[in-house]
1. Please go through the range 66-120 and pick out each residue that is surrounded by fewer than 18 Cβ atoms within 10 Å (Cβ to Cβ), farther than 30 Å from ALA367 by Cα and among the basic types (Lys, Arg).
2. Quick check on my filter: what residues within the range 132-157 are in contact (Cβ under 8 Å) with a residue 40 or more places away in the chain and within 20 Å of SER459 (Cα to Cα)?
3. Mind listing whichever residues of the range 152-166 are open to solvent by 10 Å² or more (accessible area, probe 1.4 Å) and assigned to a strand (DSSP E or B)?
4. Of the conditions (1) over 27 Å from THR446 (Cβ atoms); (2) away from ligand 1 (no atom under 16 Å from the Cβ); (3) in contact with a Ser or Thr (Cβ under 7 Å, 6 or more places away or on another chain), THR254 clears all except one; give me its number.
5. Only one of GLU309, GLU347, GLU293 is open to solvent by less than 10 Å² (accessible area, probe 1.4 Å), of a type in the set (Asp, Glu) and outside the structural domain of MET168 (by TED's automatic domain parsing). Can you tell me which?
6. In the range 371-402, which residues are under 18 Å from VAL294 (Cβ atoms) and of a type in the set (A, V, I, L, M)?
7. Pick out the one residue from ALA94, ALA76 that is part of a helix (DSSP H, G or I) and free of Cβ contacts under 8 Å to residues at least 24 places away in the same chain.
Amino acid sequence: MTPDATMAATLLASGGKLLIGGAWRDAASGKTFPTLNPATGETLLDIAEGDAPDIDDAVRAARAALDGPWGAMSAAERGKILWKIGDLLLQHAADAARLETLNGGKPITETTRIEVPLAADVFHYNAGAATKIEGSTIPVSGSYFNYTIREPLGVVGLIVPWNFPLLMAARKVAPALAAGNAVVLKPAEETPLTALRLGEIALEAGLPPGVLNVVPGFGPTAGAALVAHSGVAAIAFTGETSTGRTIMANAAGTTKKLSLELGGKSPNIVLDDADIDLAARGALSAIFYNKGEVCTAGSRLLIQKSIREPLIEKILARAAKMVPGDTLDPKTRLGALTSQDQVAKVERYVALGKKEGARLLVGGERATVGDGRGNFWKPTIFDGVRNDMTIAREEIFGPVLSVIDVDDFDHAIAIANETTYGLAAGIWTRDIKKAHRAARALQAGTVWINAYNLYDAASPYGGYKASGFGRESGMAGVDAYLQTKSVWVDLS
Ligand code: NAI
Ligand code: MG
């Protein structure tokens with residue numbers, strides 16, 4: 001075994017099996033697929049490849065848990081188990097971070113300091129939410145008593161992407177369980193390891209068998225089977241906008257509730273009264289955090305013309321220091337793209353940017369780290385980008401920034417909103433009126449003022465326009481997994 005594979009085998013006691021009904025098992029077909037370390041190209045582990053029969057078993061196991069101990073459990077008891085999962089995530093944080101780094105190409109410092117603690121926060125927040133799910137008493141006309149009960153949806157399917165494997169899983173699993181549902185989690189085929197680790201932790205925390213089933217597999221097979229399953233009441237999905245549309249079409253036959261968190265092409269505006277140093281730092285972390293593989297990535301930097309030269313100078317000076325490196329080295333700040341498909345995609349867009357007349361300021365090519373087998377890419381910045389160019393319109397999902405000049409506030413807002421997406425936006429200014437006017441005018445589910453990429457388990461998150469619908473996090477994130485029953489009593 002390679003050192004990578006040995007480490008993965010040590011960190012994941014259950015191996016790469018499916019978690020169904022509280023037991024670890026092979027796929028019904030017996031098939032497996034390799035999961036890789038994108039920083040080295042090594043195979044980490046062979047993973048059981050779930051498909052329709054396994055999904056069906058997982059849905060049945062989830063149903064049995066709902067009809068059994070899970071459905072009978074009090075909200076307070078559910079909350080205690082969720083709290084324990086959060087605690088165990090923190091207790092095993094170093095190992096969870098290493099697994100996430102090995103499988104996703106993220107620097108170990110980020111997984112240790114940001115992603116695993118945030119995932120634990122999500123469980124702790126939702127642990128408290130379980131006992132705050134309340135109905136209401138409604139003053140209806142006539143001699144009747146009318147009240148509402150908020151109930152779980154039933155079995156819900158959770159389909160997550162590879163860019164934040166553990167955190168995305170946490171943001172769906174925790175509120176779904178707080179609300180009393182049982183779930184089938186389908187991790188992305190590129191990054192199944194931390195979802196499986198979460199399954200181990202959930203069992204250790206005392207979650208009854210079948211409440212959380214984890215079935216790795218591919219989108220068009222396992223994912224599609226979950227979407228089409230008549231026993232699944234809802235699908236919560238994060239991923240590409242086109243996949244979201246496919247899911248809507250495939251779910252139509254079964255009348256499921258959907259919540260879709262899709263792509264983005266988020267504008268990050270710097271006005272001429274901004275703190276330039278802060279804005280330069282913010283512009284870079286907005287696009288290069290997690291190698292640009294972030295749905296909210298600030299991939300369009302809209303700079304007011306009068307400050308473009310000093311701002312770009314500072315951005316380039318900082319970008320020169322951002323060098324991809326060994327993902328397990330605590331000093332590394334820029335990791336490896338998660339798959340070879342991503343490298344090919346970034347390569348294609350860089351070529352398109354050049355062809356359509358954008359000026360490449362820096363990067364634009366692979367970076368070599370170690371023996372050169374990893375998926376590393378240099379931070380890339382295009383200047384002179386027009387908002388109608390392909391690189392300004394389509395989600396690249398990599399470390400590629402497009403700089404677009406704008407004349408003034410109104411022009412900035414117009415260009416910012418001239419996109420099919422609406423996930424997030426940033427604005428840098430010292431003018432409090434402009435900042436809040438922008439917050440109202442920007443068509444996006446999240447707006448950051450003099451900041452970027454902030455998240456909290458308590459704050460709602462989701463898209464406008466083609467970036468999807470439904471909200472995650474906060475109590476809005478719990479509501480997504482509930483339905484309301486209206487009860488009438490005759491008092492006459
Ligand atoms: P994807 O949207 O195809 O995959 C995300 C998840 O959906 C995975 O778990 C996958 O197995 C599942 N899936 C795929 N097809 C499905 C289907 N027909 N039914 C049910 N589930 C299905 O994203 P992919 O192909 O991994 O990445 C391609 C591009 O998508 C990226 O380059 C990026 O631009 C974008 N993307 C955006 C994300 C975001 O959060 N905005 C997250 C992941 C990808
Ligand atoms: Mg895909």
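1. Matches in the range 66-120: LYS80 only.
2. Passing the criteria: LYS132, ILE133.
3. Within the range 152-166, PRO152, ILE159 meet the criteria.
4. (2)
5. GLU293
6. ILE381, ILE391, ALA392, ILE396, VAL400, LEU401
7. Of the residues listed, the single one that is part of a helix (DSSP H, G or I) and free of Cβ contacts under 8 Å to residues at least 24 places away in the same chain is ALA94.
Let's see how each residue does on (1) in contact with a strand residue (DSSP E or B) (Cβ under 7 Å, 6 or more places away or on another chain); (2) closer than 30 Å to ARG308 by Cβ:
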position: ASP388; (1), (2): no, yes
position: ALA412; (1), (2): yes, yes
position: GLY426; (1), (2): yes, yes
position: ARG437; (1), (2): no, yes
position: SER492; (1), (2): no, no
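The values are calculated or read from the model by the stated rules, or taken from the named source; none is laboratory data. As the structure is a computational prediction, the values presented were derived from the model and not from experiment. With ideal geometry, Cβ positions are generated from the backbone for all residues, glycine too; neighbour counts draw on all protein chains shown. These area figures cover heavy atoms from the full protein model, side chains too; ligands, DNA and RNA do not enter into them. Shrake-Rupley method; radii C 1.70, N 1.55, O 1.52, S 1.80 Å.
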